[in-house]
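All of the numbers you see were taken from the coordinates with simple rules; none came from a lab. Model, not experiment: these values are computed from the prediction. Every residue, glycine as well, gets a Cβ built from its backbone with ideal geometry; the counts of neighbours run over all protein chains shown.
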Amino acid sequence: MVPQKETPKVYPVSAVTKAIADQTGLTQAQIKTTLDAFFEFTKKVVGEGDKVRILDFGTFQNKHRDEQSGRNPHTGEIITVPALDRLSFRSTHKY
């Protein structure tokens, strides 16, 4: 029998801010404001075509997927899937 992989836990922002606040002594509001500012900065920089690289953590960058054809699974009709740009993160850690 093949062992099943465990489903990874998903942590809401409130759990992350609480954990960081407990460790740093800052308030959860301060942590949330800081995280919001970091993510806004990252979206802006990556949206301009640059990367955000944090040493010993990882890199945020844009990933582009060209327009392609696909099928509607309900009708079988061939459709065009539009091009897509999305924020991507690649960790520098090996787990």
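Within the chain, list the trypsin sites (Lys or Arg not before Pro) lying in a DSSP loop whose Cβ has at most 10 other Cβ atoms in a 10 Å radius. Don't skip to the end; give the middle numbers.
Details: sites: K5, K9, K18, K32, K43, K44, K51, R53, K63, R65, R71, R86, R90, K94; in loops: K5, K9, K51, K94.
Within the chain, the qualifying trypsin sites (Lys or Arg not before Pro) (loop, at most 10 other Cβ atoms within 10 Å) are K5, K9, K94.
Report Rg(Cα)/(2.2 N^0.38 Å) for the chain, keeping two decimals.
Details: Rg = 19.1 Å, N = 95, 2.2 N^0.38 = 12.4 Å.
Its radius of gyration relative to the 2.2 N^0.38 Å reference: 1.53.
Please list, or write none, the lysines whose alpha carbon is within less than 26 Å of the alpha carbon of K63, excluding same-chain residues fewer than 8 places away.
K9, K43, K44, K51, K94
Report ³J(HN,Hα) in whole Hz for each residue of segment 10-22, in order, from the Karplus equation J = 6.51 cos²θ - 1.76 cosθ + 1.60 where θ = phi - 60°; Gly and Pro get x.
10, 9, x, 4, 4, 5, 5, 4, 5, 4, 5, 4, 4
Give me the extension gain from H74 to F57: residue separation times 0.36 nm, minus the current Cα-Cα distance, reported in nm with one decimal. Can you show the working numbers first?
Working: separation 17, 0.36 × 17 = 6.12 nm, distance 4.16 nm.
Length gained between H74 and F57: 2.0 nm.
Counting only other residues whose beta carbon sits under 15 Å from that of L26, what net charge do I get with K and R as +1, D and E as -1?
Computed value for this residue: 0.
Find how much the distance from L35 to K18 grows on full extension, using 0.36 nm per residue of separation minus their present alpha carbon separation; answer in nm with one decimal. Present the calculation step by step, with values, prior to reporting the outcome.
Values: separation 17, 0.36 × 17 = 6.12 nm, distance 1.23 nm.
Difference between extended and current length: 4.9 nm.
For Y11 paired with L87, estimate the spin-label separation in nm (one decimal), with each label point 7 Å from Cα along the Cα-to-Cβ line.
Placing both labels 7 Å along Cα→Cβ, they lie 1.8 nm apart.
Hey, got the Cα dimensions of segment 1-53 along the principal axes, in Å, largest first?
Computed over the Cα atoms, the extents are 48, 35, 16 Å.
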